[in-house]
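Only the coordinates and a few stated rules stand behind these numbers; no lab work does. For clarity, every value in this text was computed on a predicted model and none was experimentally measured. When we count neighbours, we look across all protein chains shown, and the Cβ atoms used for this are built from the backbone with ideal geometry, even at glycine.
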Amino acid sequence: MSRSRPEPSLIDSRTRFYYSHTMRTSLILAVVAVLASGCGGAKTNIQGTQSAEVWLSSTIEGQRVGYSVYRFDQSPGGYRFESFIKMTLAMAGREQQVQSHSEAHTGPDLALRKFSFTFSSQNSSFAVKGRVADNVLWITAPGSKEERSIQLTGPVYPSSALGRYLVVRKLKPDSMYNVDVFDAAVMGVSRAEVKVWGREKVKAGGQEYQATKFTTRMTKTTVTTWVDDRGMAIVETSDPGIRSERTTADKVLKTEPEGQKFDVLTVFRVQVDTQIPEGAAVTHLELDVTGIDPREYELTGPGQQVTSTSPLVVEIKTPALPSEPVPLPLVAESEFLKPSVTIQSDAPEIKARVKEAIGDEKDAVAATRKLVSWVFTVVEKQTTASYPNALDVLKTLKGDCNEHAVLFAALARAAGIPTRVAVGLLYMNRAFYYHAWNEVYLGRWVPVDATFGECPASALHFKLAQGELSEQAEILGLVGKIGIKVKEFGLAPAR
């Protein structure tokens, strides 16, 4: 099945509500990742310097959305860092509660040795663990007995240890440092640029503290942190309007979060003045874009190109599928045939469903159409705050764009079609919403969108990034900054 857009009746009955939920889960995880960068904090009645604990109250644009708890314990053999985050948010009026728990063990030098991470919500739970050995980070993924590996070039440090790292290493004011950081919330290692600013006063919870200020630039997002003399967080801020500040357990637990009043769509939506007819087959789109540095983001890709950088103009066209058959399996772009922590394409359950979806199909183009149709048809469109991974989606057959994208990627890779996840913006009803879809390699990369049954995906998709959650988190730094004007759009001739 190939279509440039689902028929209006399908949008009404199955996916209309979905437009107001796009890309929500990955952005929530990115927010969790930002909060998880928090360093431990001071607590009264701490014995010596062997342990510490902090409670932080978190807000987004002034609305209380939850809290986080950080603790570290130090022993002669190293450190144990522990964090717990709980958030309450609204998505189109529906309350969603999410929480995460992580634990990282390090050596005396604060370099990561092993970790565990869990994420849970009303809808699902996800648990993963890992270890470092011989410059390799080995990760045990759900539903797999095999470990996934990330090659390291040297020591990596858990994000929760950065404040302690600043103190232990005696980093100097007005200096810049590069550190490889592992963030369990997005399951990736990133190079962090740490800038130490120096000493200044900061207020938190009605008190004033003398603190050291530093910023961490990682995955294109900047977190500003004020810590005390032991490297314990007092205040942390980041875009989009996220602030966490030191408080007490009593205050946090007695205060009801206002997150259910705060709809993330008010932050993550990019409104425009142009109305494009619903259900129309859009063949091309030309956008004036502000708030994006084209030197930081790769905005040229399948069906998309930058035609001007000053001002920034992006042109998007609906690409054509190859007109000739493409034999399966493909061997090019082999990196995108491999399984990952969330795209478990080697799982027996995934392989069995591929057989069900495409049968004995030998043409990659036809197989792609069948897989897009299968995922579009069998996965129920439902608001889902989850840690999207293919095996869980296969069990529930429910989810939003993130769940559709990871399941499609796993199925397509298992079928021998190189596939990656793309993230960005999708136009609907005078606004662009954050969204996830796929790109498949059929001799060249072609975008497809299983959420809407689009093969190929329409020109209404504005790609900003691609890859696993650690790469997807890069778009968090753009939230609230992007401006878009639709210069032009084209429609296919009426049939």
- Item | Which listed pairs, of K370/K485; K338/K362; K317/K485; K370/K395; K254/K481; K170/K201, have C-alpha distances above 24 Å, in listed order | K370/K485; K254/K481
- Query: In a solvent-free Debye calculation with one equal scatterer on each Cα, what is log10 I(q)/I(0) for the chain at q = 0.07, 0.11, 0.12 Å⁻¹, listed in the order of the q values?
  - Reply: -0.38, -0.92, -1.07
- Longest to shortest principal axis, alpha-carbon extents of the stretch 82-226, angstrom: 48, 47, 26
- Query: Can you give the convex hull volume per residue for the Cα atoms of the stretch 274-316, as a whole number of Å³?
  - Reply: 86
- Query: How would you rank S51, S124, S323, going from fewest to most other Cβ atoms within 10 Å of each one's own Cβ?
  - Reply: S323, S51, S124
- Task: Please report, in Å, the Rg and the Dmax of the stretch 307-459, where both are computed over Cα atoms only.
- Result: 15.3, 50
- Query: Under a Cβ-Cβ cut-off of 15 Å, what is the net charge of the residues other than D174 that fall near it, where Lys and Arg count +1 and Asp and Glu count -1?
  - Reply: +3
- Query: For the stretch 124-140, what does the Karplus curve 6.51 cos²θ - 1.76 cosθ + 1.60, with θ = phi - 60°, yield as ³J(HN,Hα) per residue in whole Hz, taken in order and with x for Gly and Pro?
  - Reply: 6, 9, 9, 9, 8, 9, x, 8, 10, 8, 6, 6, 10, 8, 9, 10, 8
- If you find the alpha carbon centre of the stretch 310-334 and of the stretch 175-250, how far apart are they in angstrom? 41
- Note on the structure: Per DSSP, the loop-located trypsin sites (Lys or Arg not before Pro) within the stretch 267-371 having at most 15 other beta carbons within 10 Å are R295, K362
- FRET efficiency for D293 and R199, using Cβ-Cβ distance with R0 set to 25 Å, rounded to 0.05: 0.20
- Message: Net charge around L425, counting only other residues with Cβ within less than 11 Å of its Cβ (Lys, Arg = +1; Asp, Glu = -1)?
- Response: +2
- Expressed in angstrom and rounded, the centroid-to-centroid distance over alpha carbons for the stretch 369-421 and the stretch 109-139 is 23
- Message: If I take R0 = 45 Å and measure r between the Cβ atoms of R430 and R80 in this structure, what FRET efficiency does the formula 1/(1 + (r/R0)^6) give, to the nearest 0.05?
- Response: 0.35
- Query: If each of T153 and V313 carries a label point 7 Å out from its Cα toward its Cβ, how far apart are those two points in nm?
  - Reply: 3.8
- Note on the structure: Scalar couplings 3J(HN,Hα) for the stretch 176-182 by Karplus 6.51 cos²θ - 1.76 cosθ + 1.60 (θ = phi - 60°), nearest whole Hz, x for Gly and Pro, are 10, 9, 10, 9, 7, 10, 9
- Message: As a footprinting exposure proxy, order H435, H105, H404 by other Cβ within 10 Å, with the fewest listed first.
- Response: H105, H404, H435
- Query: Using a basic spin-label model with each label point 7 Å from the Cα along Cα→Cβ, how many nm lie between T222 and K114?
  - Reply: 3.9
- Message: Please list 3J(HN,Hα) in residue order for the stretch 161-167, calculated via the Karplus relation 6.51 cos²θ - 1.76 cosθ + 1.60 where θ = phi - 60°; whole Hz, with x for glycine and proline.
- Response: 9, 5, x, 5, 4, 4, 6
- Message: List the GluC sites (Glu not before Pro) within the stretch 269-355 that DSSP assigns to loop and that have no more than 13 neighbouring Cβ atoms inside 10 Å.
- Response: E278, E296, E298
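Figure the gain on full extension for E380 and W138 (residue separation times 0.36 nm, minus the Cα-Cα span) and round it to one decimal in nm.
That works out to 83.8 nm of additional length.
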- Note on the structure: Amide H neighbours of L112 at under 5 Å, excluding residues fewer than 5 places away on the same chain, with H built from the backbone geometry, are V156, Y157
